[in-house]
Each structure stands twice: as structure tokens, then as C-alpha cells.
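Colleague: This is the structure I have questions about; it appears just below.
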Amino acid sequence: MKLGVHFMNFTHPEGGAALRTALGDTAVAADEAGISWFTAMDHYFQMEHFQTAFDPMLEGYSVLSFVAAKTERVKLGLLVTGITYRHPGLLAKVVTTLDVLSGGRAMLGVGAAWYEREHRALGVPYPPVAERFERLEETIQICEQMWSDNDGPYEGRHYQLAETICVPRPLQSPRPPILIGGGGEKKTLRLVAKYADACNLFGSSVADVKHKLDVLHGHCDAEGRDYDAIEKTIIARVDPEGDVSEFLKQMEEYAALGIDLVEVAPLMPDPARFVTLLGEKVVRPLAEIG
């Protein structure tokens, strides 16, 4: 089982000026510790169920570009890109740029978006949920086309592109991996089965994750897709300052279900130390699980 770091807390006790060092040191620590993924959120306001909308938040792809310059091995992506925030053609170029400048380490994490207050406050259109899922599917189709040999037009219900030119191409072949986040059983997991190389689920309980994976398996059967070809990931919590044995025991249960990677969020005020401790206490025993 692999480990990822999800950098989501930008509230540093020394203020915004300290974030450059904190983020950079954490990225270097993750690379040196053998962490597999480094991800950030795609929000412009901090999430209200975590802190408040007035707490610090940095733009996600700018964060990843900064991390790319500090690292050599860790894979980079957002959990997950909200499809309402960027036109699909531009999103494909953003991820391509990250892939080229990181040496082929970008992934497209994508979802239907949800934070209505953030949209309304910043003047970003917030379509009904059914339309957002339609736009999500078209966004994936556009990115796939832009990363293919087809540079012709795209005609969808919501997006029309006269040309899908993307030069240079991403370094990864045939394209950067696509991750779809969320556990919606009728729409999200169906799109995972149809398009995604990976999915991300909340590790709320072993029973819940098992149920979601069973649903995904059913969608894969319906789509004629190899279920085992999809990387399954979860988000969980651990405090490496303390005893990590219970966390590792829980991960054994998730690994038995087929979970390939777990993401954890480093804590302030010293996220780099948090990640260094993960390297010392979690990475190797986690890799031996499953």
C-alpha cells in the first residue's frame, strides 16, 4: 500500500509569509520519505467544515507548480479539480504544463465541484448538480482528446471547441492519469468505471468503502472495464507523533478490500516534521501491507 500527502491546511501560526518555507520543506520531506503522491485542494476559500471561508487558502495548481520545482519523484495532482473553475481546454493545458515541467509527474484529479458559497462569492457560475456531472464528463472527454492525436473540433452539449491543439504533449504516455473523486454511486462511480485510472473515496469505514467498491465493480462490469486496472485510494487520518499501530491495522483492512493508496493531511505548525515522521514510521510498514 502506498502513502500520499494531502496539503490542505494553509493556516500557519506565522502567517502567509511562512507558507513558502512550510510548503517547500514539506514537499522536499515527502520526496525524501518515499511518499507516492503530493496533492492539494482546488478551492479559493477554505472549506467551512474544516475551518472558515476567511482562513488562508492558496490556488491549487500554483501550489503544485511550486512543489514540482522542489521535488523529483512524487506524483502531483489536485483532490480534486472542480470542473466549474476552468474551461476544459484550458484545464488540459494547465495539467500538460505541470506534466512537462515536473518531468512527467502530473495527474488530473477531477470532480463535479460543490462549494456553492465560493462560486457565488467569486462570480463563478454554479449550475445544478445534474448539469455539473454532464460538464464533468465532457471535461474528461475534452482532456482525453487534447492528449490524443486528434486535434480537431469537439462538439458537446456544454462545450464546443473549434480545435483541440495541445503542444507540447504531456510527457506521460498515453496521457496523464485521470482520477475522479467522490463516492456517488449512480453518477460518480459510473464515470470512474468509464474513464478513470484512479478513484478517491473517503475512508469513513471499512464497510462503507467495501460497499462503494462493490458498486464500482458493478459499473465496471456494465462498461466492460477491467476493475483491477483502476487504482483505488482513500483519505484517512494519522498522527505520526504518536502510536501508528492502530492506523496500520486499519490500513490492513482497507488493503484487503483492494485499496492501493491512502492520503493523509499534514498538521500545522510543522507539516515538514509531520511528513518526515511519516517516512520514519509509516511508509515502509505500509508498503508491506497487501
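Colleague: Count, please, the residues in the stretch 1-22 that happen to be free of Cβ contacts under 8 Å to residues at least 60 places away in the same chain and either in a helix (DSSP H, G or I) or buried (at least 18 other Cβ atoms within 10 Å of the Cβ) (or both).
Modeller: Here the count works out to 7.
Colleague: Residues being surrounded by 15 or more Cβ atoms within 10 Å (Cβ to Cβ) and on the phi > 0 side of the Ramachandran plot: count how many of those fall in the stretch 176-229.
Modeller: Summing the residues that are surrounded by 15 or more Cβ atoms within 10 Å (Cβ to Cβ) and on the phi > 0 side of the Ramachandran plot in the stretch 176-229 gives 1.
Colleague: Restricting to the stretch 20-53, and then to whatever is closer than 24 Å to residue 115 by Cα and more than 18 Å from the chain's Cα centre (by Cα), can you tell me which residue is modelled with the lowest pLDDT?
Modeller: Among residues in the stretch 20-53 that are closer than 24 Å to residue 115 by Cα and more than 18 Å from the chain's Cα centre (by Cα), the one modelled with the lowest pLDDT is 49.
Colleague: Are any residues in the stretch 153-188 over 21 Å from the mean Cα position of the chain (by Cα), over 18 Å from residue 101 (Cα atoms) and of a type in the set (A, V, I, L, M), and if so, which ones?
Modeller: 161, 162, 165
Colleague: Looking at the stretch 176-190, which of its residues are basic (Lys, Arg) and either closer than 14 Å to residue 230 by Cα or at pLDDT below 95 (or both)?
Modeller: Once the filter is applied, which keeps residues that are basic (Lys, Arg) and either closer than 14 Å to residue 230 by Cα or at pLDDT below 95 (or both), the stretch 176-190 yields only 190.
Colleague: Something else now. Suppose the filter is more than 29 Å from residue 282 (Cα to Cα), among the aromatic types (Phe, Trp, Tyr), buried (at least 17 other Cβ atoms within 10 Å of the Cβ) and at pLDDT 95 or above; does residue 254 pass it?
Modeller: Considered against the rule, which asks whether it is more than 29 Å from residue 282 (Cα to Cα), among the aromatic types (Phe, Trp, Tyr), buried (at least 17 other Cβ atoms within 10 Å of the Cβ) and at pLDDT 95 or above, residue 254 comes out as no.
Colleague: Taking the stretch 54-91 only, how many residues are in a helix (DSSP H, G or I), over 15 Å from the mean Cα position of the chain (by Cα) and touching a residue at least 40 places away in the same chain (Cβ under 8 Å)?
Modeller: Looking only at that region, the number is 4.
Colleague: Looking only at the stretch 94-125, count every residue that is outside any helix (DSSP H, G or I), surrounded by fewer than 17 Cβ atoms within 10 Å (Cβ to Cβ) and not aliphatic (A, V, I, L, M) and tell me the total.
Modeller: Within the stretch 94-125, residues that are outside any helix (DSSP H, G or I), surrounded by fewer than 17 Cβ atoms within 10 Å (Cβ to Cβ) and not aliphatic (A, V, I, L, M) number 5.
For every residue, the table says whether it meets (1) aromatic (Phe, Trp, Tyr); (2) under 20 Å from residue 198 (Cβ atoms).
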site: 218; (1), (2): no, yes
site: 232; (1), (2): no, yes
site: 257; (1), (2): no, yes
site: 269; (1), (2): no, no
site: 274; (1), (2): yes, no
site: 278; (1), (2): no, no
site: 284; (1), (2): no, no
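Colleague: If you don't mind, another one. Quick one: residue 246 ticks every box in (1) within 17 Å of residue 289 (Cβ to Cβ); (2) touching a strand residue (DSSP E or B) at 6+ places or on another chain (Cβ under 6 Å) except a single one, so which number is it?
Modeller: Evaluating residue 246 over (1) within 17 Å of residue 289 (Cβ to Cβ); (2) touching a strand residue (DSSP E or B) at 6+ places or on another chain (Cβ under 6 Å) leaves (2) as the failure.
Colleague: Looking at (1) closer than 18 Å to residue 260 by Cβ; (2) modelled with pLDDT of 95 or more, can you tell me which one residue 203 breaks?
Modeller: Against the list (1) closer than 18 Å to residue 260 by Cβ; (2) modelled with pLDDT of 95 or more, residue 203 comes up short only on (2).
The values are calculated or read from the model by the stated rules, or taken from the named source; none is laboratory data. If you're wondering where the values come from, they're calculated on a predicted model, not measured in any experiment. So basically every Cβ, Gly included, is an ideal-geometry build from the backbone, and we count neighbours across all protein chains shown.
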